[in-house]
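So the structure is just underneath, and the comments pick up after that.
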Amino acid sequence: MPLILNVSVLLFLKQKDLLDDLLQMMLKIKGSGKSGHHLVPKREDYPAFTAYRSSPQSLSVNEIVKFDKVWTNNADGYDPSSGVFTAPLSGLYHFAAVVMSSSVGNMYLRLFHNNDNITSTRTKVKGYMTGTFDVVLTLKKEDKIYIKSGHNSQSIFSDGNNYSTFSGNLIVT
Ligand SMILES: *[C@@H]1O[C@H](CO)[C@@H](O)[C@H](O)[C@H]1NC(C)=O
Ligand SMILES: *[C@@H]1O[C@H](CO)[C@@H](O)[C@H](O)[C@H]1NC(C)=O
């Protein structure tokens, strides 16, 4: 009896987490079937985002680039107020970013997976150069992806032309 009670309380408290985990389990079972077809989340729940800036950002050392507006943010994985993407589901993801340097030049940015730097981009020539990122990574649920300035303070450029963008999407669970 006490066990059943505890489970009910847990169920009540962790309902959302449990539903997410159940969904993941169902996806795995379906995916391992003979057909080889993967059951994918509904379109509106399929993690995918593109965020952008339409103004410059001054970055101090190791500061996260804040793509503060979104065009697409399925499943709400991307947080425009922090610049951090948090994986709503485990799976294989693709990320890409295009970031424009300011007129001063000298831009050095790194893409992070949780606390690990994965890849960097650098421009040295003065004025409005673009640095790009393009990676496919295996993420666990709640893993974080973001872009940070390196060891120097610097600025990135954008304006109403939306030059600086950051995108990511789930490829398959
Ligand atoms: C990037 O990550 C590698 C491996 O973890 C580490 O050795 C290196 O110091 C990091 N680079 C920077 C600039 O933090
Ligand atoms: C930048 O994005 C905004 C919001 O979607 C859009 O209204 C505007 O036309 C875009 N600017 C350009 C030059 O594409």
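The values are calculated or read from the model by the stated rules, or taken from the named source; none is laboratory data. Since this is a predicted model, take the numbers as computed values, not measurements. Glycine gets a Cβ as well: all are built from the backbone with ideal geometry, and neighbour counts include every protein chain shown. Remember, those area values only see protein heavy atoms, side chains included, never the ligands or the DNA or RNA. Shrake-Rupley method; radii C 1.70, N 1.55, O 1.52, S 1.80 Å.
Observations, loosely collected:
- Whichever residue in segment 93-120 is open to solvent by 20 Å² or more (accessible area, probe 1.4 Å) and small (Gly, Ala, Ser) and, among such residues, is farthest from ligand 1 (Cβ to nearest atom): 103
- Segment 126-142, subset open to solvent by less than 80 Å² (accessible area, probe 1.4 Å) and in a loop (DSSP other than H, G, I, E, B), residue nearest to residue 173 (Cα to Cα): 141
- The residues listed here are 72, 86, 123; of these, the one that is open to solvent by 20 Å² or more (accessible area, probe 1.4 Å) and touching a Gly at 6+ places or on another chain (Cβ under 9 Å) is 86.
- Hits in segment 143-164 (condition: exposed (fewer than 15 other Cβ atoms within 10 Å of the Cβ), within 16 Å of ligand 1 (Cβ to nearest atom) and not hydroxyl-bearing (Ser, Thr, Tyr)): 151, 152
- Checking each residue in segment 43-61 for being modelled with pLDDT under 85 and out of contact with any strand residue (DSSP E or B) (no Cβ under 7 Å at 6 or more places or on another chain) picks out only 43.
- Boolean, residue 111 is more than 16 Å from ligand 2 (Cβ to nearest atom) and closer than 20 Å to residue 43 by Cα: no
- Close Cβ contacts (under 7 Å, 6 or more residues apart or on different chains) running from residues in segment 108-135 that are closer than 22 Å to residue 85 by Cα and among the aromatic types (Phe, Trp, Tyr) to residues that are within 13 Å of ligand 1 (Cβ to nearest atom) and open to solvent by 50 Å² or more (accessible area, probe 1.4 Å) comprise 108/120; 108/122; 108/152; 112/118.
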